[in-house]
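Asker: Dropping a structure here in structure tokens format, bear with me for questions.
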Amino acid sequence: MFIHSINNIQSNIQSTMVNSSVIVTILLIIVSIKYSNEQTINCDRNAVDRCMLRLTIFGDPKLRFPYDLNTMNKRCREVKSLETCIKNYTKNCLPLDARNTVSVLIFSIKQTFKVYCTRKRKPAFISIGLCMNPNMVEMSKTMNQFTRSLHGIRFYHDESLRIPMQLFSIKKSILDLATVKCPKILDEVEYMVDGYGKNVANLICGDYNEESDKCESIIGQTPEWKKPLNFTSFVIPLAQIVVDKCMLEMTIIGDSRLRFPTNQTMMNDRCRQMRHLEHCVKDYSKNCLAERASQTVSVLIYGITKTNKAFCSKKRRPSYLRIGRCANSKPELFATIMNRMTKAFHAIKSHPKETIRIPLACCNYYQFKDSIMQLVEKICPNEYDDVETLLDGYANDVLNLICGDYTADSDKCDSIIMQTPEWKRPLTFKSFVIPLAQIIDSI
């Protein structure tokens, strides 16, 4: 009866899903998940990658800027279709946070071209082309290095610095090249680069701006990406970095820098934020996962949404605040336990025996819960029941859906838990939600 009701819940959730999100396709830059709905909503990541390359021109040594009035007029006609290509992908295939970031970027590029396509400004853009076209190999190497840095930044251990690392070096590299190769049009090149990127930099970079010296202390820490690029343009890796954040913030546990609310004002902010975070994950689920994985994540999000709604009620808020004071007292310990489970989820999808992957995920969750409850019993025993209510509210629906006989009360996990593969690489995702979806999708 319970499973039947959960299936009804899944059906209701899915029946209300509208194809409206794109950043999640970005979320899977390095993961080769096959999306069952790519054809129907046109979430072709390679196609949008090509559109972005052609829109900015930078990044492909075979592309050329306009070099006379005829090629400039052709360029101005082409911009709208390229912009539409990327906007449709953004609208239909990305979650909200990534969608907003990419939308600001595309709006800025469109506005910049709108200026350059006026009769007065066309000669200026042609002058950029006449200078840059002989140097497109070097320019493409510069953009390639930027795109590589975006691929690598996703694995940087300090999640709070991933976004600030993104946009510091690219403008400087382009202007350095223009200073040597095209000094007479340096101001025009800077105008174009600022037109493309300044608005999105202001949106996501915070205090890490051009006037600040804060980037000097972190730019050398950008992780090196030695594998082949998954995408040649930078737009999909850019959106990918933005996405994992909302997944992590939904549960808070998992990043030692995040904190639970500890007073009513913070609780009010948290309850307002929860709805946005839920939509972020739902967008990912409905537009970027195969059917079974999408169903599983939908049930998980239903449990989290239902539990968050209960704790945001006037009656239950004090309980959540008590949980917050407990978790905030030892955030590193809670994060370590969560990261252990997330590492296991990263590794399980590659277990050679497909039939054991989901049971291993279930058993590792039970191990995670046991470790959390032991920690709570040690540091804040009075909050034991509230923490257990929170965890059970988040997870029980999806556990009942996928785990079968591998329950918390059975001893079946004892015989398989040691088969969990070891994950030795940096985490691709700090939240467990996407790795769980990948496990389901790997069967």
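The values are calculated or read from the model by the stated rules, or taken from the named source; none is laboratory data. A quick note: this is a predicted structure, and the numbers were derived from the prediction, not measured. All Cβ positions, glycine included, derive from the backbone under ideal geometry; neighbour counts span all protein chains shown.
The rows are residues; the columns are (1) within 16 Å of residue 252 (Cβ to Cβ); (2) charged (D, E, K, R); (3) not in a helix (DSSP H, G or I).
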residue	(1), (2), (3)
304	yes, no, no
327	yes, no, no
362	no, no, no
370	no, yes, no
376	yes, no, no
387	yes, no, no
392	no, yes, no
400	no, no, no
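Asker: In region 45-144, which helices (runs of 4 or more DSSP H) lie fully inside it and hold 2 or more residues that are under 21 Å from the mean Cα position of the chain (by Cα)?
Answerer: 45-56, 69-93, 96-116
Asker: Would you mention how many residues in region 377-423 are within 29 Å of residue 310 (Cα to Cα), touching a residue at least 60 places away in the same chain (Cβ under 8 Å) and charged (D, E, K, R)?
Answerer: Selection size over region 377-423: 3.
Asker: Considering only residues that are in contact (Cβ under 8 Å) with a residue 40 or more places away in the chain and small (Gly, Ala, Ser), which ones fall in region 294-350?
Answerer: Hits for region 294-350 are 294, 298, 303, 310, 319, 324, 327, 329, 335, 344, 347, 350.
Asker: In this structure, does residue 339 turn out to be touching a Gly at 6+ places or on another chain (Cβ under 8 Å), at pLDDT below 95 and surrounded by fewer than 20 Cβ atoms within 10 Å (Cβ to Cβ)? Full working, then the answer.
Answerer: Working: touching a Gly at 6+ places or on another chain (Cβ under 8 Å): yes; at pLDDT below 95: yes; surrounded by fewer than 20 Cβ atoms within 10 Å (Cβ to Cβ): yes.
It is true that residue 339 is touching a Gly at 6+ places or on another chain (Cβ under 8 Å), at pLDDT below 95 and surrounded by fewer than 20 Cβ atoms within 10 Å (Cβ to Cβ).
Asker: Moving to a separate point now. So, of the residues in region 417-426 that are in contact with a helix residue (DSSP H, G or I) (Cβ under 6 Å, 6 or more places away or on another chain) and either of a type outside the set (S, T, N, Q) or at positive phi (or both), which turns out to be surrounded by the most Cβ atoms within 10 Å (Cβ to Cβ)?
Answerer: Restricting to residues being in contact with a helix residue (DSSP H, G or I) (Cβ under 6 Å, 6 or more places away or on another chain) and either of a type outside the set (S, T, N, Q) or at positive phi (or both), the top hit is 423.
Asker: Farther than 16 Å from residue 391 by Cα and of a type outside the set (Lys, Arg), is that true of residue 336? Reasoning before the result, please.
Answerer: Working: farther than 16 Å from residue 391 by Cα: yes; of a type outside the set (Lys, Arg): yes.
When the stated conditions are applied, residue 336 passes them.
Asker: Right, something else. Which numbered condition in (1) hydrophobic (A, V, I, L, M, F, W, C); (2) within 30 Å of residue 126 (Cβ to Cβ); (3) at pLDDT 70 or above is the only one that residue 203 fails?
Answerer: Going through the list (1) hydrophobic (A, V, I, L, M, F, W, C); (2) within 30 Å of residue 126 (Cβ to Cβ); (3) at pLDDT 70 or above, residue 203 breaks only (2).
Asker: In addition: Residue check, residue 34 against (1) assigned to a loop (DSSP other than H, G, I, E, B); (2) basic (Lys, Arg); (3) at pLDDT 50 or above; (4) under 21 Å from the mean Cα position of the chain (by Cα), all met but one. Which one?
Answerer: Failing condition for residue 34: (3).
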